[in-house]
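No lab work stands behind these numbers, since they all come straight from the coordinates. These numbers come from a predicted model, not from an experiment. A quick note on method: Cβ atoms are made from the backbone with ideal geometry, for glycine too, and the neighbour counts reach across all protein chains shown.
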Amino acid sequence: MPNKKVTGKKAASNASKTLKNKSTGRNTKASSGSALSQRNAPKKQTSTKAAKAASKTLRDGRTSKASKSGAGSTLAQKPKNRTTKPPARNK
């Protein structure tokens, strides 16, 4: 089932500010770009690459609140991985 979430107005504004900032890192820009591209597009979903960049952005202590807002929106739009693995066998 596809994800119907879109990036909110405030998160999109923060993502835009992040992309304009010259000192912003590559991972932060990737996650902000993904969030911004999903502003009014409920059928778009976050790619695995963008989700990894967003995760790194959220874990980085130097990241601003605006950048984390866009990264959080990006991760919220990642489809859930619903496959279940069988339990590991102990020998």
Task: Sorted largest first, extent of the chain alpha carbons per principal axis (Å) - done: 53, 30, 16
Task: Lys/Arg +1, Asp/Glu -1 at C-beta; segment 9-76 dipole; positive extreme among ALA50, SER37, GLY72 - done: SER37
Task: Simple Cβ-charge dipole of segment 9-76, Lys/Arg +1 and Asp/Glu -1, about Cα centre, in debye nearest 20 - done: 100 debye
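For the chain, what relative contact order do you get, as a whole percent, if you take Cα pairs closer than 8 Å and at least 6 residues apart? Walk me through the numbers before you get to the answer.
Numbers: 127 pairs, mean separation 33.4, N = 91.
Contact order relative to length: 37 percent.
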- [ ] Taking only Cα atoms and a 10 Å spring cutoff, compute GNM fluctuations for the chain and point out the largest among GLY61, GLY72, GLY33.
- [x] GLY61
- [ ] Measure off 7 Å from each Cα along the Cα-to-Cβ vector at LYS10 and SER55, then give the distance between these two points in nanometres to one decimal.
- [x] 2.6 nm
- [ ] May I ask which of LYS56/LYS80; LYS43/LYS68; LYS52/LYS80; LYS22/LYS78 have a Cα-Cα span longer than 21 Å here?
- [x] LYS43/LYS68; LYS22/LYS78
TODO: Please go through segment 24-62 and write out the trypsin sites (Lys or Arg not before Pro) that DSSP classes as loop and that have at most 14 other C-beta atoms within 10 Å.
DONE: LYS43, ARG62
Task: Sum of side-chain charges, ARG59 neighbourhood, beta-carbon under 13 Å (Lys, Arg +1; Asp, Glu -1) - done: +3
